[in-house]
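Engineer: Dumping the structure here so I can ask a few things about it.
The values are calculated or read from the model by the stated rules, or taken from the named source; none is laboratory data. Remember, predicted model here, so these are calculated numbers, not experimental data. Here Cβ is always computed from backbone atoms with ideal geometry, including for glycine, and neighbour counts include all displayed protein chains. The accessibility values were calculated without ligands, DNA or RNA, using every heavy atom of the protein model including side chains. Shrake-Rupley method; radii C 1.70, N 1.55, O 1.52, S 1.80 Å.
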Amino acid sequence: MEIGLIATAQLTNPALCEGKTVAVIDVLRATSVIVTALANGADKIYTTEGIPEARNLLTTFLPNAALLGGERAGKKIEGFDLGNSPLSYTAEVVRDKNIILTTTNGTLAIRNSKTAKQLFAVSFLNVLYAAKVLAETNQPLMIVCSGTNGNFSLDDALCAGMLIDSISRFVPVQCDDLGQIALAFHRQEGSIQEKLSDCRHVKFLRSIGYEKDVEYCLQPNLFTALPEYFPEGYLALKQ
Ligand code: MLT
């Protein structure tokens, strides 16, 4: 399988993704939220780039049918039901609800990639299951790492490396140069926590009180669930 890797949400674009299979990764924390919410029974997740767009979309749902979630500068947005902490997307809160999510990097990566033939959301939480499904499709894959505010982010790269390594257990893979770096980083000695101990986004989230989110998001394979983007504008679990 041919695998390419894009380093940030800003570096992906509709032309690059057109007709391809794309896996968007934003470990901290958008794709971890998306995987968690859908695995915990949320119905659909609509992603928007802007806050006004999210609020407008909310008015199209019946009362109590949808929740607003997301962050700016890591913090919950004023008037929103939920922030961007995956730990708050519990089954009690999200079951059968639609979620309207707007984040700084992750939802931008989805928007910039949505010309893909198939688009999936991947995080450490579902990496092995995602690899199995992607290997079954055996189509060329573009991994879009969301990054952080336009910068390359080690957490996404490490998850990309783990995804590539997991796919390689099922089918032979051929990576572009950035994909090879991600794979080599994943295959280095050391735990995920050790490899990310100096990662900027990890340090930022810890500094604003989200240590528990970091711990949670760095756990591989909690779920056998794969969110897929549908042309109607939402993510739901791949059946
Ligand atoms: C994002 O999409 O920008 C991130 O998920 C931000 C965060 O929650 O730290």
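Engineer: With all protein chains present, how much of the accessible area of segment 122-196 (probe radius 1.4 Å) comes from carbon and sulfur, to the nearest whole percent?
Structural biologist: Here carbon and sulfur together make up 50 percent of the probe-accessible area.
Engineer: Once the piece of chain linking SER207 and LEU237 is laid out straight, how much longer is it, given 0.36 nm per residue of separation minus the C-alpha distance between them?
Structural biologist: 7.5 nm
Engineer: Given the rule -39500 (n - 2.57) for each run of at least 4 DSSP H residues, summed and divided by the residues of the chain, what is its mean residue ellipticity at 222 nm, to the nearest 500 deg cm²/dmol?
Structural biologist: It comes out at -10000 deg cm²/dmol, rounded to the nearest 500.
Engineer: Could you give the nm distance between label points at LYS132 and ALA65, where each point is 7 Å from its Cα heading toward the beta carbon?
Structural biologist: About 3.4 nm, to one decimal.
Engineer: Shifting gears a bit: If you line up the long axis of helix 30-39 against the longest principal axis of the chain, both from Cα atoms, how many degrees apart are they, to the nearest 10?
Structural biologist: Between helix and principal axis, roughly 70 degrees.
Engineer: Can I ask one more? Relative contact order of segment 2-232, please, whole-number percent, based on alpha carbon pairs below 8 angstrom and at least 6 residues apart.
Structural biologist: This gives 34 percent for segment 2-232.
Engineer: Between ARG187 and GLN219, what is the FRET efficiency for a Förster distance of 22 Å, r being their Cβ-Cβ separation, to the nearest 0.05?
Structural biologist: E between ARG187 and GLN219, to the nearest 0.05, is 0.70.
Engineer: Kindly work out what percent of the DSSP beta bridges joining two residues of segment 2-232 are antiparallel, to the nearest 5.
Structural biologist: Percent antiparallel among DSSP bridges in segment 2-232 is about 15.
Engineer: If I build a Gaussian network model for the chain, linking alpha-carbon pairs within less than 10 angstrom, which residue out of GLY83, GLY209, GLY50 has the largest mean-square fluctuation?
Structural biologist: Result for the chain, Cα springs under 10 Å: GLY209 fluctuates most.
Engineer: Would you mind working out the accessible area per residue for the chain, using a 1.4 Å probe, and quoting it in Å²?
Structural biologist: 43 Å²
Engineer: What net charge do the residues around THR107 carry, taking every other residue with its C-beta under 11 Å from that of THR107, with Lys and Arg at +1 and Asp and Glu at -1?
Structural biologist: -2
Engineer: Could you please state how large a percent of the accessible area of segment 1-93 is carbon and sulfur, counting protein chains only and using a 1.4 Å probe?
Structural biologist: For segment 1-93, the apolar C and S fraction of the accessible surface comes to 55 percent.
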